[in-house]
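See below for the structure under consideration.
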Amino acid sequence: MNTQNNIVITGFMGTGKTTVGEILARKLNRRFVDMDVEIEARAGFTIPQIFRRHGEDGFREMERRLIRELALRHGLVIATGGGALVADDMREVMGRHGLIICLNASKEEIRARLAQNRDRPLAADWESLLDARQSAYAQISHQIMTSGKTPTEIAAEIALLDDGALYVRTPDGGYPIIIGSGLLRTIGQDAEALGLARHVVVVTNETVAPLYGERLAAALPRADLIIVPDGEAHKTLDTVRQIYDEMLTRGADRATTLIALGGGVIGDTAGYVAATYMRGIPLVQIPTTLLSMVDSSVGGKVGVDLPQGKNLIGAFKQPRSVIIDTDVLETLPPLQWRCGMAEVIKHGLIGQPALLEPDLWQPEEAPRLVRQAVQVKIDVVEVDPYEVGIRAHLNLGHTFGHAIEKATQYGMPHGEAVAIGIVKAARLSRNLGFINDDLVARIQTIMWHIGLPTDIALDSHRWYAAMSTDKKWQAGKPRLILLRALGEATIVEGLRREDIMAVL
Ligand SMILES: NC(=O)c1ccc[n+]([C@@H]2O[C@H](COP(=O)([O-])OP(=O)(O)OC[C@H]3O[C@@H](n4cnc5c(N)ncnc54)[C@H](O)[C@@H]3O)[C@@H](O)[C@H]2O)c1
C-alpha cells in the first residue's frame with residue numbers, strides 16, 4: 001500500500017502550480033491531480049461555466065468535496081485551485097496526510113502571467129483578491145518564492161523538502177537546508193535540481209579551495225572559482241572588492257549564483273557580495289565549519305568588519321539554499337570543532353536540551369547533531385528575521401565572551417570565550433534564582449568534556465568595562481541573555497553591577 005504523504009501545491013493564480021506539479025509528479029513518478037481539471041471532468045463543464053451556473057459557492061462546495069476525498073489518498077502530487085485552501089478547515093484536512101507548499105510570485109509576475117490567460121472567473125479583480133487571501137496563504141509553513149526560478153528548479157526544491165530537508169520561512173518566502181553525508185560528492189549529478197546548472201561562482205579561501213573548492217567547481221557545469229585569503233583579518237571591504245573585480249572579469253551577471261564555500265568568514269564576506277553585486281544575486285551557502293553549519297549560514301546576516309569593529313558593514317541576504325555536507329568536518333582542525341561545539345551547546349541550552357547528550361557529539365552522529373542544532377537557529381530566526389527581539393537569545397554567553405576576546409586582544413578564540421561566557425551567564429542565572437546549582441555544574445562538566453575552558457584569570461573590573469561597551473548593552477544599561485530554565489533563554493535588563501561583578 002502506498003503510504004507516502006501527498007504533496008499539495010497551492011498558492012495564488014498565476015504562480016505556476018500546475019506546471020510545477022506536473023514536473024514534480026514526473027520526477028517522483030507519482031500520480032498528478034490538478035483539482036480544477038478534476039472538477040471540470042466530474043462536472044462536465046468548464047470552471048467559468050460552473051461559476052455561471054452555480055456561482056462561486058457552488059464551485060467551492062465541489063472543491064471541498066474533492067479535498068476531503070483527496071486527503072484520504074496517498075502518494076499524490078496535487079495542484080489546488082488558488083482559493084481551495086483559503087479556509088482554515090480545508091488546510092487542516094489537506095495537511096493531515098500532505099506536505100502543503102505555497103508558491104508565491106511578485107504582483108508584476110502574476111499580472112504578466114494572467115495577461116496571457118484571461119479565462120479565469122476571478123481574474124478581473126485579482127489584486128484585491130490576492131490581498132484578501134494573503135493572510136491565509138501565510139499560515140502555510142512551506143513557502144516558495146518562484147521569482148527568478150525555473151519550474152524545474154521549483155519542483156526540485158519541493159522534492160528536497162519531501163525528502164526531509166529542513167526549511168526556513170522568511171518574510172518573502174523561504175529556503176531549504178539540505179543536510180547529509182557525501183552531498184558534495186554527488187553535487188555534480190544534482191546540479192540541475194539544486195539550481196546550480198547555470199553560471200555560478202564558488203567563493204572560498206586558500207585553505208578550503210584545495211580541500212573542497214577545486215573539486216566543487218570542477219563538478220558543476222559552469223562554475224568559476226574565486227579564492228580569497230583565509231582568516232577574520234580578511235573579512236573586509238578589500239576582500240569584497242577583490243571578489244567584485246574577479247566576478248566582473250568572469251562575466252558574472254544578475255543570473256549568476258554565488259556559492260559561499262567555507263566557514264563563517266567566507267559565508268559573511270561572500271554573502272555580502274551576493275547581497276550587493278548588481279543589487280543582489282542568488283546565494284547558496286555551503287558551510288564547512290561546525291560553527292557555520294549550525295549558526296552563521298542560516299538566518300541571512302552577512303557582512304564584513306571595519307578597522308573600528310567587527311561586523312559594522314552588513315545586510316540581510318537570505319540564501320536560495322544551504323547545503324551541509326557533514327563529511328567536510330573530517331578535515332576540520334580540533335580547535336574549530338570545539339569552538340563550533342560551544343555554539344551547539346548554546347543552542348542546546350536555549351532550545352534543544354537533547355544537544356547536551358555526549359552520545360550526539362560523536363563524529364558519526366554529525367548529521368543528526370547539525371540537524372538538531374540548526375533547527376534551534378531556524379526556530380529563532382523565523383520568529384525574528386531582522387533581529388529585533390528573541391534573536392538576541394542566540395547571544396547567550398556572548399557579551400561575557402566578546403569582552404574576553406577584546407581584553408585578550410583576540411588571543412582567545414571566539415568559541416572558547418563563548419564557552420566561558422555561557423558558564424558565567426549560567427552562574428548569574430543561578431544567583432538570580434532562575435536555575436539551580438545542578439544545571440550550572442552540568443554545563444561546566446559539558447564544557448570540560450568537550451575540552452572547552454570554563455574560566456579565565458582576568459581582572460573583573462577590566463572585564464566589566466569591556467562588557468559595558470558591547471553593542472547589545474543598551475544605552476549603557478546592563479542587558480544580558482540569561483537562562484530562565486534548561487531550554488529557555490530570557491533577556492534581562494537593568495541588572496545590578498554588583499550581581500554581574502560577583503560572577504566575573
Ligand atoms: N552571520 C552570522 O549570523 C554569524 C553568526 C556567527 C558567526 N559569524 C561569523 O563567523 C565567523 C567565524 O566563523 P568560523 O568559526 O567558521 O571561522 P572561519 O570561517 O575563520 O573558519 C575557521 C578556519 O577553519 C578553516 N576551515 C573551514 N572549513 C574547513 C574544513 N572543512 N576543513 C579544514 N579547515 C576548514 C577556515 O579556512 C579557517 O581557517 C566570524 O567572522 C563571525 O563573525 C556570523
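The values are calculated or read from the model by the stated rules, or taken from the named source; none is laboratory data. Being a predicted model, the structure only gives us computed values, none of them experimental. Every residue, glycine as well, gets a Cβ built from its backbone with ideal geometry; the counts of neighbours run over all protein chains shown. The accessibility values were calculated without ligands, DNA or RNA, using every heavy atom of the protein model including side chains. Shrake-Rupley method; radii C 1.70, N 1.55, O 1.52, S 1.80 Å.
Quick notes
- Counting only the Cα atoms, segment 73-112 fills a convex hull of 84 Å³ per residue.
- Highest average packing first - 288-298, 11-21, Cβ atoms within 10 Å: 288-298, 11-21
- Applying 1/(1 + (r/R0)^6) with R0 = 60 Å to the Cβ-Cβ distance of residue 214 and residue 502 gives a FRET efficiency near 0.70.
- Accessible-area ranking of 463, 361, 448, largest first, probe 1.4 Å: 448, 361, 463
- Computed from Cα atoms, the angle from the helix 334-350 axis to the main principal axis of the chain rounds to 70 degrees.
- Shown for segment 177-332: the carbon plus sulfur share of the solvent-accessible area, taken with all protein chains present and a 1.4 angstrom probe, equals 51%.
- √(5λ) per eigenvalue of the Cα gyration tensor, the chain, largest first, Å: 45, 27, 21
- Listed peptides 219-228, 464-473 appear in the order 219-228, 464-473 once ranked by packing, highest mean of other Cβ atoms within 10 Å at the front.
- Scattering from segment 378-504 was approximated by placing one identical point on each alpha carbon and applying the Debye formula without solvent; log10 I(q)/I(0) at 0.14, 0.17, 0.20, 0.23 1/Å stands at -0.58, -0.88, -1.22, -1.52.
- Remark: relative contact order (segment 335-486) = 26 percent; criterion is Cα-Cα distance under 8 angstrom and separation of 6 or more residues.
- Segment 433-504, accessible surface, carbon-and-sulfur percent (1.4 angstrom probe): 50 percent
- FRET efficiency for residue 330 and residue 42, using Cβ-Cβ distance with R0 set to 56 Å, rounded to 0.05: 0.50
- Per residue accessible area in Å² of the chain, where ligands, DNA and RNA are left out and the probe is 1.4 Å: 43 Å²
- Over segment 6-163, equivalent-ellipsoid semi-axes from the Cα gyration tensor in Å: 22, 19, 15
- Cα-projected label distance for residue 238 with residue 87, points at 7 Å along beta-carbon direction, nm: 6.5 nm
- Residue-span extension gain [residue 449 to residue 107] - 0.36 nm each, minus C-alpha spacing: 117.7 nm
- To the nearest ten degrees, helix 151-162 and the longest principal axis of the Cα atoms of the chain are 60 degrees apart.
- The spread of Cα positions in segment 182-231, taken along each principal axis and listed from longest to shortest, comes to 32, 23, 14 Å.
- Here the accessible area is traced with a 1.4 Å probe on the protein chains. For segment 6-163, carbon and sulfur cover 48 percent of it.
- Residue 214 accessible area, 1.4 Å probe, all protein chains in place, Å² to nearest 10: 100 Å²
- Reachable lysines, given that their alpha-carbon falls under 24 Å from the alpha-carbon of residue 107 and they are not under 8 places away in the same chain: 17, 149, 317
- Hits among lysines - C-alpha to C-alpha of residue 477 under 20 Å, sequence gap 8 or more where chains match: 406, 424
- Of all aspartates and glutamates in the structure, those lying under 14 Å Cα to Cα from residue 27, and not within fewer than 8 positions of it along the same chain, are 153, 157, 162, 163, 190, 192.
- Accessible surface ranking that places the most exposed of 305, 163 first, with a 1.4 angstrom probe: 163, 305
- Spherically averaged projected area of segment 177-332 from its Cα convex hull (nm²): 7.9 nm²
- Nearest 10 degrees, 0 to 90: helix 126-138 Cα axis against the chain principal axis: 50 degrees
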